[in-house]
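The next block holds one structure in the form of structure tokens; read it before the comments.
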Amino acid sequence: MHNASTYVMASTSTPAHNALPPAQPAAGRSSRIAPHSHIKGLGLNSEGYAVSDTSGFIGQTNAREACGVIVDLIKSRKFSGRALLLVGAPATGKTALALGISHELGTKVPFCPIVGSEVYSSEVKKTEVLAETFRRAIGLRIKETKEVFEGEVTELTPTESENPLSGYGKTIAHVIVGLKSVKGTKQLRSDPNIYESILKEKIVVGDVIYIERNTGAVKLAARQRVGRSDAYASSYDLESETYVPLPKGDVHKRKELVQDVTLGDLDAANARPQGGQDIMSVMGSLVKSGRTEVTEKLRREVNKVVKGYVDQGVAEVVPGVVFIDEVHMLDIECFTYLNALLESPMAPTVILATNRGNSLVRGTTDIVAPHGVPVDLLDRCLIVKTASYTREEIAKVVQLRATVEGLKLGAGVLERLAEEGERGSLRYALQLPTPASILASLAGRTQIEVEDIGEMNELFLDARRSADIITSSA
Ligand SMILES: Nc1ncnc2c1ncn2[C@@H]1O[C@H](COP(=O)(O)OP(=O)(O)OP(=O)(O)O)[C@@H](O)[C@H]1O
Ligand SMILES: [Mg+2]
């Protein structure tokens, strides 16, 4: 059933890399607000200095500027194979900084976040998890000129015929697709596979699409939704849709297509090949049914093919970022492997984060190292320390979160929360407003007052008070 000509372009259906979903709450619907949704970037000016209060980042000037330098290095592709280590007390914004870096890099640069403990799987070797993550962080931008049919859909008519096998029911024999461009219109008679893809992509009349025509074959291949045509912009009230002008030129033309894939995608696709010779058909099998191991041999093969494409100028390598949070959870075997990965010719930039001071390196019984990271790896890292927050900074972050979460704070509440934050942690202060708003609404208010916070403190403990109670009762 599957052949090379029926694959849907990967770039439309899957954002091949960048595991972080873009933080865009659907319009008009209140959606859950993630802890870091207020972070929009690092908030640096063009000289690389931290500008206060922009992009949701408060204070932490040094660390932000340091991360800005790293962003520049990554963009100029001079930081591959190197590592940045973020260290600092809990809730000082290490994870937020890493996310800020990813925002600054944009969606075109692969960013693969994992947490140290993710490497422990009962099915896959831990080094394999690391290797795969590293491969997913190397992007490839492929430019291909392909023969396509591009235009606004003017007609979509499936033609049914009697099912020749059963006698009951009908099957789609072919589908008539009408396409319109500035220069003309074209009616394509295509086979049922295309109709399936059209249904899957929810293409309707008025969409601008292109259908890739496979060389040689009369069939039509991958298609992509470019957006909704201008002509419909006024008649439909769909804010979320994007509108594009009617495509220029003929319906049938040659078009340069740019796609972003990662080495990890290519490995995975090749581990279960489904036919097809060109690099894009390899992309068709992105959906993996289970985690199977990709062998080193296969990776070398993929590298060879990729190198060929790079040499021909068809593809361009875009080194991305691997972010390993809570890196102290890795064990000595992983650390050793990490050293080797960093030195491989196709290595992404690595960002590590941890809140540990001196601690035992996991997997050993006697090696105590700073941050729980062996010294030989530390030696390969640039280290950035995050500072603790002042009361004013805590107040600003709390205010920011309250705005994002749509909570109103009464007089004195912010000061009170900042105080709590200073005594407990920033995270504790950030946690209080939402439940306090429930107390406020029970009392028939829309605004959180100081007494709600007081009541919260009676109901809930922060980490330190809880620990104190344990020690005093022991
Ligand atoms: N400078 C800042 N500006 C705005 N928000 C911040 C800032 N620092 C931290 N936050 C917010 O505070 C919360 C805690 O920060 P984060 O999770 O980054 O801490 P962390 O250093 O990673 O802590 P841990 O070591 O426990 O993982 C998050 O919601 C984060 O978005
Ligand atoms: Mg963190």
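Is it fair to say Thr159 is free of Cβ contacts under 8 Å to residues at least 24 places away in the same chain, farther than 30 Å from Tyr428 by Cβ and of a type in the set (Val, Ile, Thr)?
Values: free of Cβ contacts under 8 Å to residues at least 24 places away in the same chain: yes; farther than 30 Å from Tyr428 by Cβ: yes; of a type in the set (Val, Ile, Thr): yes.
Considered against the rule, which asks whether it is free of Cβ contacts under 8 Å to residues at least 24 places away in the same chain, farther than 30 Å from Tyr428 by Cβ and of a type in the set (Val, Ile, Thr), Thr159 comes out as yes.
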Point to revise | Matching residues, the range 419-446, being surrounded by fewer than 14 Cβ atoms within 10 Å (Cβ to Cβ) and not in a helix (DSSP H, G or I) | key: Ala443, Gly444, Thr446
**Study point:** Residue in the range 403-418 that is within 16 Å of ligand 2 (Cβ to nearest atom) and either under 27 Å from the mean Cα position of the chain (by Cα) or of a type in the set (A, V, I, L, M, F, W, C) (or both) present
**Key:** no
Check your understanding: more than 18 Å from Ala387 (Cβ to Cβ), surrounded by fewer than 23 Cβ atoms within 10 Å (Cβ to Cβ), touching a residue at least 60 places away in the same chain (Cβ under 8 Å) and away from ligand 2 (no atom under 15 Å from the Cβ), is that true of Gly106?
Key -> no
Check your understanding: Looking only at residues in the range 246-291 that are polar (S, T, N, Q) and at pLDDT below 55, which one is farthest from the chain's Cα centre (by Cα)?
Key -> Gln277
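Checking the structure you have, find out if any residue of the range 114-129 is within 17 Å of Ala353 (Cβ to Cβ) and away from ligand 1 (no atom under 16 Å from the Cβ). Before the answer, list the steps.
To start, the set of residues in the range 114-129 that are within 17 Å of Ala353 (Cβ to Cβ) comprises 114-119.
Still in the list and also away from ligand 1 (no atom under 16 Å from the Cβ): 119.
For the range 114-129, residues within 17 Å of Ala353 (Cβ to Cβ) and away from ligand 1 (no atom under 16 Å from the Cβ): present.
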Practice item. Report yes if Arg416 is more than 11 Å from ligand 1 (Cβ to nearest atom) and either in the same structural domain as Ser80 (by the TED database) or exposed (fewer than 15 other Cβ atoms within 10 Å of the Cβ) (or both), otherwise no. Key: no
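In the range 438-474, which residues are under 19 Å from Pro35 (Cα atoms) and in contact with a Gly (Cβ under 9 Å, 6 or more places away or on another chain)?
Residues satisfying the conditions are Asp462, Ala463.
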Review point. Of all residues in the range 69-95 being out of contact with any helix residue (DSSP H, G or I) (no Cβ under 9 Å at 6 or more places or on another chain) and under 22 Å from Ser37 (Cα atoms), which is nearest to ligand 2 (Cβ to nearest atom)?
Key: Thr95
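May I ask you to list the residues in the range 399-428 that are among the basic types (Lys, Arg) and in contact with a Leu (Cβ under 7 Å, 6 or more places away or on another chain)? Let's see the steps before the verdict.
The initial filter retains those residues of the range 399-428 that are among the basic types (Lys, Arg), namely 401, 408, 416, 423, 427.
The answer is Arg401, and nothing else.
Within the bounds of the range 391-401, is there any residue that is assigned to a helix (DSSP H, G or I) and away from ligand 1 (no atom under 15 Å from the Cβ)? Steps first, please.
From the range 391-401, those assigned to a helix (DSSP H, G or I) are 391-401; that's our starting set.
Those still in the list that are away from ligand 1 (no atom under 15 Å from the Cβ) too: none.
No; the residues of the range 391-401 include none that is assigned to a helix (DSSP H, G or I) and away from ligand 1 (no atom under 15 Å from the Cβ).
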Point to revise | First in the range 353-378 and of a type in the set (Lys, Arg), second anywhere and away from ligand 1 (no atom under 16 Å from the Cβ), Cβ under 9 Å, 6 or more apart | key: Arg362/Asp331; Arg362/Ile332; Arg362/Cys334; Arg362/Phe335
**Study point:** Considering residues of the range 27-55 that are among the small types (Gly, Ala, Ser) and within 16 Å of ligand 2 (Cβ to nearest atom) only, the residue modelled with the highest pLDDT
**Key:** Ser37
Practice item. Give the residue that is surrounded by the most Cβ atoms within 10 Å (Cβ to Cβ), with candidates limited to residues of the range 360-378 that are out of contact with any His (no Cβ under 9 Å at 6 or more places or on another chain) and under 17 Å from Tyr337 (Cα atoms). Key: Leu377
Study note, to complete from the structure: Every listed condition ((1) buried (at least 20 other Cβ atoms within 10 Å of the Cβ); (2) at pLDDT below 90; (3) more than 30 Å from Asn358 (Cβ to Cβ); (4) not assigned by the TED database to the domain that holds Glu196) holds for Phe79 save (3)
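Checking the condition within 16 Å of ligand 1 (Cβ to nearest atom) and not assigned by the TED database to the domain that holds Thr336, which residue from Leu85, Leu44, Leu99 passes?
Leu44
Could you name every one of the strands (runs of 3 or more DSSP E) located completely within the range 298-388 that has at least 1 residues being more than 25 Å from Gly88 (Cβ to Cβ)?
Those strands (runs of 3 or more DSSP E) span 315-319.
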Check your understanding: Does any residue in the range 434-447 that is over 15 Å from Leu417 (Cα atoms) and without any contact (Cβ under 8 Å) to a residue 60 or more places away in the chain come within less than 7 Å, Cβ to Cβ, of a residue that is outside any helix (DSSP H, G or I) and of a type in the set (A, V, I, L, M) six or more places away or on a different chain, and which pairs are these?
Key -> Ala440/Ile448
**Study point:** Any hit, the range 119-142, residues being in contact (Cβ under 8 Å) with a residue 24 or more places away in the chain, closer than 23 Å to Glu333 by Cβ and within 14 Å of ligand 2 (Cβ to nearest atom)
**Key:** no
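Please go through the range 322-340 and pick out each residue that is of a type in the set (Val, Ile, Thr) and more than 16 Å from ligand 1 (Cβ to nearest atom).
At the first step, the residues of the range 322-340 found to be of a type in the set (Val, Ile, Thr) are 322, 324, 327, 332, 336.
Of everything in the range 322-340, those that are of a type in the set (Val, Ile, Thr) and more than 16 Å from ligand 1 (Cβ to nearest atom) turn out to be Val322, Ile332, Thr336.
Just to be sure before I move on: is Gly178 closer than 30 Å to Gly313 by Cβ and either assigned to a strand (DSSP E or B) or among the hydroxyl-bearing types (Ser, Thr, Tyr) (or both) in the structure I sent?
Details: closer than 30 Å to Gly313 by Cβ: no; either assigned to a strand (DSSP E or B) or among the hydroxyl-bearing types (Ser, Thr, Tyr) (or both): yes.
Judged against the criteria, Gly178 is not a match.
The values are calculated or read from the model by the stated rules, or taken from the named source; none is laboratory data. Source: prediction; values computed, not measured. With ideal geometry, Cβ positions are generated from the backbone for all residues, glycine too; neighbour counts draw on all protein chains shown.
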